[in-house]
Amino acid sequence: MPLVKLRPPSEQELQLKGQGEERPGPPLLFKHHTLHTLHSWDPSAQHLRSADHSKKSRMSMIQEYLGQLTLQLGGGEDTYPTVVPDPNFDPDKDAARIETAIKTKGVDEQTIIDVLTKRTYNQRREIAFAYERRAKKDMISALKGALSGSLETVILGLMKSTAQYDASEIRASIKGLGTDEESLIEIVCSRSKAELMEIKKVYKELFKKDLEKDVCGDTSGDFAKLLLALVEAKRTEPSSVVDHQKIDEDARALFEAGVKRKGTDVKCWISIMSERSIPHLQKVFERYKSYSPYDMQESIRKEVKGDLEMSFLTLVQCFENKQLYFANRLQDAMKSKGAKEKVLTRIMVSRCEVDLKKIRQEFKAHHGKSLYQTIAEHTKGDYQRALLSLCGGDD
Ligand SMILES: [Ca+2]
């Protein structure tokens, strides 16, 4: 049993963990609990243990402590949404407004935007139920008929849950002739284990197919192997124990499989990057620099090419700072010639109830201008109004 290795994390470790999203719960709670239980199973702290602590009560305390750890480490991820529940929510009133807006000659897009971009997915779903009761027809079909173009894409995207939306985007990227590798990479390489597991479940419900099979069927070689490994969602949960030996082993293995040898042992890179926890990998990439003259991202650029290169880079960028990755992608999507509206729409719709607020902070910090201002400059009309509303404010 690795019990003896358990110890409360230091302030420094807790701060380091703040980077990834799979971080433990509030440090205060963690510490509080640790204070009460740690002594009782430290064999060197016999004198601290009161005489009436039977073996049984110690075991139950250990179990309680481990239960707490699992709850905090494997539990809910911190979210930084820009779209939050409307506190004065009235689905019947909203449904009536939508119905009137759809019936209005020329369609009242502004009302549709005002209502649907300021409600969470769960609230939008309630509005759809209320709409169906009132209008005796399906709200999504009615919206499809009333809206068009980019606004339609945003609003219909919002009528899906985040996992349904991601699953549909993956499906769209592999369906038909050819594959939209860029979209596929963005989604599969940036989503957390919990998100991927939910996407897989929803994918099966929506399309009656296995995501694993579809992703592999449409790609090939090492790229397919990497995507499959990620979709299998085998990543370990973060541990409160920093395993320095394993960090060193992984760092050296990544170096020996890549920069040190002729060619690249891609299999080794895939297994480390798809199976280790994110806090662990953050430390591995730090350690990596003591073996390799190039950091991990430079090494990827030197060792592999094409879709495989883009996938590994996306992974490492997301391990290091996922919200910065999205901020950079938003910037590229808007700055590049022939603005990539698809990428802009996807990030705004898929992250507005997850971490868009933090993406906004990274955007402002790294690109000088706020996301709000940048969207205002590069888009127009109803599409712009919908995106700005999802953005939730200027910084
Ligand atoms: Ca090499």
Cα extents of the stretch 89-227 along the principal axes, largest first, in whole Å, come to 53, 28, 24
Highest mean packing first, using Cβ neighbours within 10 angstrom, the peptides 315-323, 328-336 sort as 315-323, 328-336
Links exceeding 27 Å between C-alpha atoms in this model, out of 225/302; 144/364; 103/208, come to 144/364; 103/208
Simple spin-label estimate for residue 111/residue 291, 7 Å along Cα→Cβ, in nm, reads 6.3 nm
A 1.4 Å probe over the protein heavy atoms gives the stretch 204-311 a carbon and sulfur accessible-area percentage of 48 percent
Two pseudo-spin positions, 7 Å from Cα along C-beta at residue 156 and at residue 140, lie apart in nanometres by 1.0 nm
Over the stretch 277-395, with neighbouring protein chains present, the accessible area per residue in Å² at probe 1.4 Å is 41 Å²
With a Förster distance of 51 angstrom and the Cβ-Cβ distance between residue 394 and residue 262, calculated FRET efficiency to the nearest 0.05 equals 0.45
Once the in-chain neighbours fewer than 8 apart are removed, the aspartates and glutamates whose Cα is under 12 Å from residue 204 read 212, 214
Phi-derived 3J(HN,Hα) across the stretch 373-385 with the Karplus relation (6.51, -1.76, 1.60, θ = phi - 60°), rounded Hz, x for Gly and Pro, is 4, 5, 5, 4, 6, 9, 10, 8, x, 5, 4, 4, 4
Violations at 30 Å Cα threshold for listed pairs 260/340; 209/335; 357/380 -> 260/340; 209/335
Rounded to whole Å², per residue accessible area for the stretch 188-267 with a 1.4 Å probe reads 50 Å²
Ranked output for segments 180-192, 301-313, 350-362 by mean other Cβ atoms within 10 Å, highest leading, reads 350-362, 180-192, 301-313
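The values are calculated or read from the model by the stated rules, or taken from the named source; none is laboratory data. What you are looking at is a predicted structure, and each value in this text was computed from that prediction instead of being measured. Don't worry about glycine lacking a Cβ; one is built from the backbone with ideal geometry, like all the others, and counts go over all protein chains shown. With ligands, DNA and RNA removed, areas are computed over all heavy atoms of the protein, side chains included. Shrake-Rupley method; radii C 1.70, N 1.55, O 1.52, S 1.80 Å.
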